[in-house]
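See structure below.
The values are calculated or read from the model by the stated rules, or taken from the named source; none is laboratory data. No experiment lies behind these values; they were computed from the predicted model shown. Cβ sites come from the backbone with ideal geometry, for glycine too, and all protein chains shown count toward neighbours.
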Amino acid sequence: MHDVLASYVERGELPGLVSLIERRDELHVDAISCDPDAIFRIASMTKPVAAAAAMILVEECTLRLDDPVAGLLPELAEPRVLRQLDSEIDDTVPAIRPITLRDLLTFRLGTGLVFGEPNAYPIQRAMDEAGVGPGPPDPEKYPDAERWMRDLGSLPLVYQPGEVWMYNTGAEVLGVLIARASGQSFGEFLAERIFEPLGMRDTGFWVPETSWSRLVMTDQSARSSWGRPPAFQSGGGGLVSTARDFLQFSRMMLGHGDVGGKRILSRPAVEAMTVDHLTAEQKARSAWLSGYWETHGWGFGMMIVTRRFDIASTPGKFGWDGGLGTSWRADPGEQMTTILLTPVGWTSPSAPDVFRDFWTLAYSAIDD
């Protein structure tokens, strides 16, 4: 594995990387051309963390999965829905039901990334103009959460709540909901209820100056953007972390909510997060990679493998990737975590070769 991954650095395709595999009690960490404790922008690996935070509030009965979220998010009360995908944004009908927490967690709230050519539809242009369109994590991009929610709420939904899986926006809304429900900032809640108990010292929405030297980025001019608290703490992709930090989150999930005697969630909560919540009809209507839904499903904030299709695809495996160059997978059957962190962004939803090689090599090393 070291030789194969190092070849990507030697060819100049990556400036460096950190790979981590833990299976049962055996841990392997390999840092190539960077610090083993290097800090990376983990982008959409934030989504499973946001989902876990929401489930903490569900278990405390502060939130309920099937209650409308409009009580805390009045911006989403009585939403309008486009008559069809290519409609003008004022050509709408009423939503047939309210948006719920379950909709946010499963990305079925009715809005998100419109898969296809940019600006092909009026709603895409309206999202971009309002500043709520999906895009790479950027602490300078969004205003504060209140303004972001007002701008999002000013636009119609693309589909009726519950109809179609649409990427990203559900996680962004989830972060705002958690902040309002808890009475804390989203970052404070994550730190108090997840990061500090798990010892995830280098995980958060920004990097203190004392740790700047460990932040790995290809665009060094953007480093300062991640050196101070952002105005909008993005549940869809705003976190930075290290391989060892995120291993603690993975251990918690594989430990049914507990790691080292520190319980974050109950076993039933983790089980609810890591099963496929999409129906066959929803998958048929949800645009993503060709054939993806034949072998995958979606839980709460993360993908679920539903059918074996290669040596690294154990059914029940869960996790997610970050478009800025990161990936996490947890495999309950093998009791195995794989994490690969790089600073080079993905150019499509399809995994780059280095990630596919990493997953193949991790599973080909199993010898029992």
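Of all residues in the range 128-168, which are more than 27 Å from F40 (Cβ to Cβ), of a type in the set (A, V, I, L, M, F, W, C) and in contact with an Asp or Glu (Cβ under 9 Å, 6 or more places away or on another chain)?
Answer for the range 128-168, where residues must be more than 27 Å from F40 (Cβ to Cβ), of a type in the set (A, V, I, L, M, F, W, C) and in contact with an Asp or Glu (Cβ under 9 Å, 6 or more places away or on another chain): A130, M149, L152.
Applying the selection to the range 117-130, what residues are assigned to a loop (DSSP other than H, G, I, E, B) and modelled with pLDDT of 90 or more?
Within the range 117-130, A120, Y121 meet the criteria.
Given the residues G199, G260, G204, G238, which is the only one that is modelled with pLDDT under 95 and more than 19 Å from C34 (Cα to Cα)?
G260
Could you say which residue among G236, G187, G204 is under 20 Å from the mean Cα position of the chain (by Cα) and under 14 Å from G112 (Cα atoms)?
Of G236, G187, G204, the one residue that is under 20 Å from the mean Cα position of the chain (by Cα) and under 14 Å from G112 (Cα atoms) is G236.
Check V18, V81, V93, V29 and return the single one that is touching a residue at least 24 places away in the same chain (Cβ under 8 Å), among the β-branched types (V, I, T), surrounded by fewer than 17 Cβ atoms within 10 Å (Cβ to Cβ) and part of a strand (DSSP E or B).
The match here is V29.
Within the range 205-257, which residues are within 13 Å of V49 (Cα to Cα) and β-branched (V, I, T)?
V240
Is there a residue in the range 51-73 that is part of a loop (DSSP other than H, G, I, E, B), at pLDDT below 95, in contact with a helix residue (DSSP H, G or I) (Cβ under 9 Å, 6 or more places away or on another chain) and polar (S, T, N, Q)?
no
So the check is Cβ under 6 Å with 6+ separation or different chains; which pairs have a first residue in the range 336-352 that's in contact (Cβ under 8 Å) with a residue 12 or more places away in the chain and a second one that's among the β-branched types (V, I, T) and surrounded by 17 or more Cβ atoms within 10 Å (Cβ to Cβ)?
Going by the 6 Å Cβ cut-off, the qualifying pairs are T338/I21; L341/V18; L341/T326; P343/V216.
Within the group L278, L247, which residue is surrounded by 21 or more Cβ atoms within 10 Å (Cβ to Cβ), under 19 Å from the mean Cα position of the chain (by Cα) and over 29 Å from D35 (Cα atoms)?
L278
For the list (1) surrounded by 22 or more Cβ atoms within 10 Å (Cβ to Cβ); (2) under 21 Å from L190 (Cβ atoms), I need the number of the one condition that K262 fails.
Against the list (1) surrounded by 22 or more Cβ atoms within 10 Å (Cβ to Cβ); (2) under 21 Å from L190 (Cβ atoms), K262 comes up short only on (1).
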